[in-house]
Amino acid sequence: MSFPSSPRFRSVLSGIRLFSIMALSAACLLGPAASEAQMFGHGMGGGMHGHGADGTGHDEVTMPGLRGLNATPEESADLAVMFRNFPTISRQVTNLPNGIRTVTRSSDEAVMEVLVNHVTGMIGRVESGDDPQIFIQSPTLDIFFERGDLIDTEIDVTDEGIVVVQTSEDPELVEAMHTHAAEVSAMADRGMQAVHEMMMQRAGN
C-alpha cells in the first residue's frame, strides 16, 4: 500500500497486517454497474449525492450510492464492505480545540483491513485535493478537499484500532472535522439508516 508523500502525513502501521483487498471485486459487491463507480457517505438536494427520486443510494443490495464520479470500483467496494458490516465497527471520538482524535476498529479482521485501506486512501485524497465525489458523500467533506493543505494528519494503526489525529489552525476546518466525525460515528452505529436520516434532515433545512 502506498501512502501520501507529504511530510505532514506520518503513518505507523503496527499490529495489523495490511493486505490488498483487490480480490473484493466491485463486481461481486456492487453488481455489474460497479464499473461506473469516500469517505463515508454530496448532493442529494442539499443533502448527499444520489439520493434522488429514482432511489439511487437506497438500494442496499447493490448500493449504487456508493459509486462516485471520481471514485474507483475498489473504493466503492470498500464502502460496501463497511456499510454491510457496520455492526462490527466501533469508534471513539475526542474533539480537540484544534481538531479531532478518532479511534476506529472492527472486530472482524477482514473488515478492519478494509477500514484501514479506506481511511488511509481518503486522507491521501484530501491531501491531494482529489475529491472522489461519492454519490452519498456528505457535503461536510467539501471544505476538506478545498483546504486539505491546511490539515495536519497523523495515523497510527495499533491494537486498539486505527488512530487518526487531525488538526488545523483554520476554525472552519476544525468545525467541519467535528461535524464529520459525528457523521461517521452515526454511520458506524446505524449504517445506511444514518445516511437516510442525514439526507432527510438536510432536505428539511
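How do the strands (runs of 3 or more DSSP E) wholly within segment 88-168 filter down when requiring 1 or more residues that are at positive phi: which remain?
Correct list: 99-106, 161-167.
Out of all the residues in segment 175-198, is one or more in a helix (DSSP H, G or I) and more than 25 Å from PHE86 (Cβ to Cβ)?
Yes, segment 175-198 contains a residue that is in a helix (DSSP H, G or I) and more than 25 Å from PHE86 (Cβ to Cβ).
Here are some residues: SER106, SER138. Which one is surrounded by 19 or more Cβ atoms within 10 Å (Cβ to Cβ) and in contact with a Leu (Cβ under 6 Å, 6 or more places away or on another chain)?
The conditions single out SER106.
Pick out the one residue from ALA34, ALA77, ALA71 that is in a loop (DSSP other than H, G, I, E, B), at pLDDT below 95 and either surrounded by 22 or more Cβ atoms within 10 Å (Cβ to Cβ) or in contact with a Phe, Trp or Tyr (Cβ under 7 Å, 6 or more places away or on another chain) (or both). I'd like the intermediate steps shown before the answer.
On the way: ALA34 fails: in a loop (DSSP other than H, G, I, E, B); ALA77 fails: in a loop (DSSP other than H, G, I, E, B).
Being in a loop (DSSP other than H, G, I, E, B), at pLDDT below 95 and either surrounded by 22 or more Cβ atoms within 10 Å (Cβ to Cβ) or in contact with a Phe, Trp or Tyr (Cβ under 7 Å, 6 or more places away or on another chain) (or both) holds for just one of ALA34, ALA77, ALA71, which is ALA71.
Only one of these is in contact with an Asp or Glu (Cβ under 6 Å, 6 or more places away or on another chain) and modelled with pLDDT of 95 or more: THR167, THR179. Name it.
Checking each option against the conditions leaves just THR167.
Take ASP108 and tell me if it is over 25 Å from GLU74 (Cβ atoms) and out of contact with any strand residue (DSSP E or B) (no Cβ under 8 Å at 6 or more places or on another chain).
For ASP108, the condition - over 25 Å from GLU74 (Cβ atoms) and out of contact with any strand residue (DSSP E or B) (no Cβ under 8 Å at 6 or more places or on another chain) - is not met.
Restricted to segment 179-205, and to residues that are surrounded by fewer than 16 Cβ atoms within 10 Å (Cβ to Cβ) and in contact with a Gly (Cβ under 9 Å, 6 or more places away or on another chain), which residue is farthest from ILE136 (Cα to Cα)?
This residue is ASN205.
Does segment 137-172 hold any residues that are under 19 Å from PHE83 (Cβ atoms), touching a strand residue (DSSP E or B) at 6+ places or on another chain (Cβ under 9 Å) and of a type in the set (Val, Ile, Thr), and which are they?
Within segment 137-172, just ILE162 meets the criteria.
Which of (1) surrounded by fewer than 22 Cβ atoms within 10 Å (Cβ to Cβ); (2) over 20 Å from ALA71 (Cβ atoms); (3) not polar (S, T, N, Q) is the odd one out, the single condition ILE143 does not satisfy?
Tallying (1) surrounded by fewer than 22 Cβ atoms within 10 Å (Cβ to Cβ); (2) over 20 Å from ALA71 (Cβ atoms); (3) not polar (S, T, N, Q), ILE143 fails exactly one: (2).
Suppose the filter is in contact with a helix residue (DSSP H, G or I) (Cβ under 6 Å, 6 or more places away or on another chain) and modelled with pLDDT of 95 or more; does PHE135 pass it?
Against the criterion (in contact with a helix residue (DSSP H, G or I) (Cβ under 6 Å, 6 or more places away or on another chain) and modelled with pLDDT of 95 or more), PHE135 does not qualify.
Taking segment 82-99 on its own, how many of its residues are surrounded by fewer than 22 Cβ atoms within 10 Å (Cβ to Cβ), of a type in the set (Val, Ile, Thr) and touching a helix residue (DSSP H, G or I) at 6+ places or on another chain (Cβ under 8 Å)?
Within segment 82-99, residues that are surrounded by fewer than 22 Cβ atoms within 10 Å (Cβ to Cβ), of a type in the set (Val, Ile, Thr) and touching a helix residue (DSSP H, G or I) at 6+ places or on another chain (Cβ under 8 Å) number 2.
Does THR140 fit the bill of being of a type outside the set (A, V, I, L, M, F, W, C) and modelled with pLDDT of 95 or more? Steps first, please.
Working: of a type outside the set (A, V, I, L, M, F, W, C): yes; modelled with pLDDT of 95 or more: no.
In short, no.
The values are calculated or read from the model by the stated rules, or taken from the named source; none is laboratory data. On a predicted model such as this, the values are computed, not experimentally measured, just so you know. Every residue, glycine as well, gets a Cβ built from its backbone with ideal geometry; the counts of neighbours run over all protein chains shown.
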